[in-house]
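S.K.: Provided herewith is a single structure, encoded as structure tokens, for subsequent inquiry.
Here, each number is a calculation from the coordinates, and none is a lab measurement. Computed from a predicted model, the values in this text were never measured in an experiment. In this analysis, Cβ positions are derived from the backbone assuming ideal geometry, glycine residues included, and neighbour counts consider all displayed protein chains.
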Amino acid sequence: MNSYDFELELSVRDYELDTQGVVNNSVYQNYIEHARHEFLKHIGLNFNDLHEQGTDAVVHKIEMEYKRPLTGDDEFVVRTRAEQDGNVRFVFIQDIYRKSDDQLVFKGKVTAVFMSNGRPIRPPEQVVNALKNHRS
């Protein structure tokens, strides 16, 4: 997996295509969001549980670069890496590769901020520990 922490395999569904027969640009955000949530579950974290405890991870910024299109029935993998950035941010590097030729089709960088009562906070200890333990 190179420098990634997690991989999620998916395939293009016909209703995700636009008039040109390629995956609509907005759908890529759904792919990477789903992969982030699955990654967090994989390392023992759950957004709903964090919310119940008074902490929310909020997307602050998304950078997206489209390299090649995905088309109908393409199978692909979303590769994710997470790293702490400063006191209140985490950055998720999320790249999408087409499975048939392992070509990079999309590069994403998602910056999330942890919040409590509408104010930025340091990431909860359980989040920091889950990421550290996952890499061990």
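S.K.: Rounding to the nearest 10 and keeping the result within 0 to 90°, find how far the Cα-based axis of helix 27-42 lies from the longest principal axis of the chain.
M.R.: With both axes taken from Cα atoms, the answer is about 50 degrees.
S.K.: With +1 on the Cβ of every Lys and Arg and -1 on the Cβ of every Asp and Glu, and nothing else charged, how large is the dipole of the stretch 6-135 about its Cα centre, in debye rounded to the nearest 20? Don't jump to the answer; show the numbers that get you there.
M.R.: Details: 17 positive and 21 negative charges, 122 e Å.
With only Lys, Arg, Asp and Glu charged at Cβ, the dipole is about 580 debye.
S.K.: Another question, if that's okay. Can you put Val91, Val110 in order of Cβ neighbours within 10 angstrom, beginning with the fewest? Kindly include the intermediate steps, with their values, before the conclusion.
M.R.: Working: Val91 18, Val110 21.
If I rank by nearby Cβ atoms, fewest first, I get Val91, Val110.
S.K.: Going toward the positive end of the dipole of the stretch 16-136, with +1 on Lys and Arg Cβ and -1 on Asp and Glu Cβ, which of Thr71, Ser100, Gly118 do you reach last?
M.R.: The residue sitting farthest along the positive end of the dipole is Gly118.
S.K.: Okay, moving on. Can you give me the C-alpha center-to-center distance between the stretch 47-73 and the stretch 85-115, rounded to a whole angstrom?
M.R.: One Cα centre to the other: 9 Å.
S.K.: In addition: Per residue, how big is the convex hull around the C-alpha atoms of the chain? Give it to me in cubic angstrom, could you? Can you show the working numbers first?
M.R.: Details: hull volume 15.5 nm³, N = 136.
It comes to 114 Å³ per residue, whole-number rounded.
S.K.: If you don't mind, there's one more thing I want to ask. List the lysines whose alpha-carbon lies under 25 Å from that of Lys67, not counting same-chain residues fewer than 8 positions away?
M.R.: Answer for Lys67, where 25 Å is the Cα cut-off: Lys99, Lys107, Lys109, listed by chain and number.
S.K.: Cα extents of the stretch 22-61 along the three principal axes, largest first, in whole Å?
M.R.: Per principal axis, max minus min of the Cα coordinates gives 40, 22, 13 Å.
S.K.: Full-extension gain between His37 and Asp85, please, as 0.36 nm times their residue separation minus the C-alpha to C-alpha distance. Walk me through the numbers on the way to the answer.
M.R.: Working: separation 48, 0.36 × 48 = 17.28 nm, distance 1.89 nm.
Taking 0.36 nm per residue and subtracting the Cα distance, the gain is 15.4 nm.
S.K.: Return an integer: the convex hull volume of the alpha-carbon atoms of the stretch 65-117, in Å³ per residue. Present the calculation step by step, with values, prior to reporting the outcome.
M.R.: Working: hull volume 5.1 nm³, N = 53.
So the per-residue Cα hull volume is 96 Å³.
S.K.: Here is a further query. What is the sum of charges around Asn48, taking Lys and Arg as +1, Asp and Glu as -1, for the other residues whose C-beta is under 13 Å from the C-beta of Asn48?
M.R.: With Lys, Arg at +1 and Asp, Glu at -1, the net is -2.
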